[in-house]
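Have a look at the structure below, then the notes.
The values are calculated or read from the model by the stated rules, or taken from the named source; none is laboratory data. Every value quoted in this text rests on a predicted model; they were computed, and no experiment measured them. Neighbour counts run over all protein chains shown; Cβ positions are idealised from the backbone, glycine included.
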Amino acid sequence: MKTCTCRRFQMDEIPCSHVWAVLKKEFLDLCSDLYKPNTLLVTYINPITLLHDRIDWNVPAYIENEVVRPPKFKKLPGRPSKKLRDKSYSELYGKKTRILVVLVGIRGIIDGHAGMDHELNS
């Protein structure tokens with residue numbers, strides 16, 4: 001039975017590094033046929049003809065009239081995952097807007113700095 005604890009082999013049918021370390025034979029024997037070089041060559045055996053002008057395209061009307069919009073994204077609460085933190089804010093959420101919070105308490109504390117005593121000059 002071809003299994004590994006990381007389950008990569010079961011999902012992708014590509015031997016993982018754990019399997020390579022144990023193998024005494026060629027690892028391509030365990031790969032799915034989809035990933036073998038011969039399959040890749042057979043995929044591109046038929047010539048691909050280019051369409052030079054957009055007028056030559058044969059697009060059905062139901063596809064041509066379809067309007068594709070970007071998905072609606074809702075910002076999730078909490079700290080973003082590390083994968084999302086590496087991206088810039090504008091890449092994820094669009095243009096950044098600044099929200100200014102002004103707090104005026106009994107002692108006249110302003111600009112949300114509760115630890116600092118800023119007196120109001122009036």
| task | Could you look through the stretch 24-58, keep only residues that are hydrophobic (A, V, I, L, M, F, W, C) and under 23 Å from CYS4 (Cβ atoms), and pick out the one that is modelled with the highest pLDDT? | result | LEU34
| request: Look through the stretch 35-58, keep the residues that are free of Cβ contacts under 8 Å to residues at least 12 places away in the same chain and surrounded by 10 or more Cβ atoms within 10 Å (Cβ to Cβ), and return whichever of them is farthest from CYS16 (Cα to Cα). | output: VAL42
